[in-house]
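Notes for the one structure printed next.
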Amino acid sequence: MAGGVSATDADLLVKRAQRFFEALPEVMPGAENDTPQRIALGERLFFEKRLSINDSQACASCHRLEDGFAGVDNLATSPGARGEMGTRNTPTVLNAGWQDAQFWDGRAEDLVEQAGQPILNPIEMGMPDEKAVVDKIRGIDEYRDGFAEAFPGAEPAITYQNIAEAIAAFERTLITPGRFDDFLNGDVDALSEAEQQGLQTYLKLDCNSCHDGILLGGETYEPLGKEHPYGNQADQGIYELTGLEEDRMFFKVAPLRNVALTAPYFHDGRIATLEEAVRKMGKLQLDLELSDQQVNDVTAFLRTLTDKNREQYLK
């Protein structure tokens, strides 16, 4: 192809990409015991506002899934049950089970542990303790059979652990393959010439040194501002959790799947557009002033990480 990517070059690009990335598997880790009954219960609980102190807030309030939302609410930070604003940008729940740990600081080991924390967070869903949550759910007739079917033989079936287990089971179904997965599986026509050029630029800039693997991120922790300090130093990242000097401004590397739908960006939600995020990462992490062409190239590639069922919502 004159001025484009030849068939041979495209095949080589697939092979090169396969060294750094992996197509989404069909099953998420931890799904071995996820029965249809447990998943259905988890879906109900995911949308259940009665899990909050004033029946106003569900997991789905911040992790929106309807109308093209990509497991976020597209706010810089999110309001909780009492209207108080959270301090960090809501991460997407889509494909989240492939991450090394959950939250920006990795404080939850897996989806089960993550599912239980917002319910008790005073700013988020505001329930006072696990017993209050369990008593509330046990008092709702419709959940008694649901828990008995989802956790057969468990006595009692309604426990705080099982509430979190069920929500995690539903979240493990939120798998969103995109056209990039088809490309990784050998379909060179899945990406346009411009998108393949974007992948080449992404690799040339070494973005994959952090954003690689199944999710193109979500597995390691890096300092935000490796080459130049990030403008907002109020949140010091993992340091807030550990108090260790070496953890200042370290955050989990954000996974990039569906990133074109999850604006605004970074832990504080201060970066409005994907183009701005790419440009700023070039400066902060690589000490590079990216050209408009480089930014456009990388952005074109990142859009191919969008769930096929949500591509219609791309702007």
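The values are calculated or read from the model by the stated rules, or taken from the named source; none is laboratory data. Small disclaimer: the values here were computed from a predicted structure and weren't measured. Glycine gets a Cβ as well: all are built from the backbone with ideal geometry, and neighbour counts include every protein chain shown.
Among the residues of segment 109-157, which ones are small (Gly, Ala, Ser) and crowded, with 18+ Cβ neighbours inside 10 Å? Within segment 109-157, 115, 116, 126, 146, 150, 157 qualify. For segment 8-19, the condition holds for no residue, the condition being that it is among the basic types (Lys, Arg), buried (at least 16 other Cβ atoms within 10 Å of the Cβ) and in a helix (DSSP H, G or I). Just one of (1) under 30 Å from residue 264 (Cα atoms); (2) buried (at least 16 other Cβ atoms within 10 Å of the Cβ); (3) assigned by TED's automatic domain parsing to the domain that holds residue 143 fails for residue 37. It is (1). Going residue by residue through segment 257-273, is there one that turns out to be closer than 20 Å to residue 207 by Cα, basic (Lys, Arg), surrounded by fewer than 19 Cβ atoms within 10 Å (Cβ to Cβ) and not assigned by TED's automatic domain parsing to the domain that holds residue 85? No, because not a single residue in segment 257-273 is closer than 20 Å to residue 207 by Cα, basic (Lys, Arg), surrounded by fewer than 19 Cβ atoms within 10 Å (Cβ to Cβ) and not assigned by TED's automatic domain parsing to the domain that holds residue 85.
Can you find even one residue in segment 236-248 that is in the same structural domain as residue 188 (by TED's automatic domain parsing), hydrophobic (A, V, I, L, M, F, W, C) and over 24 Å from residue 74 (Cα atoms)?
yes
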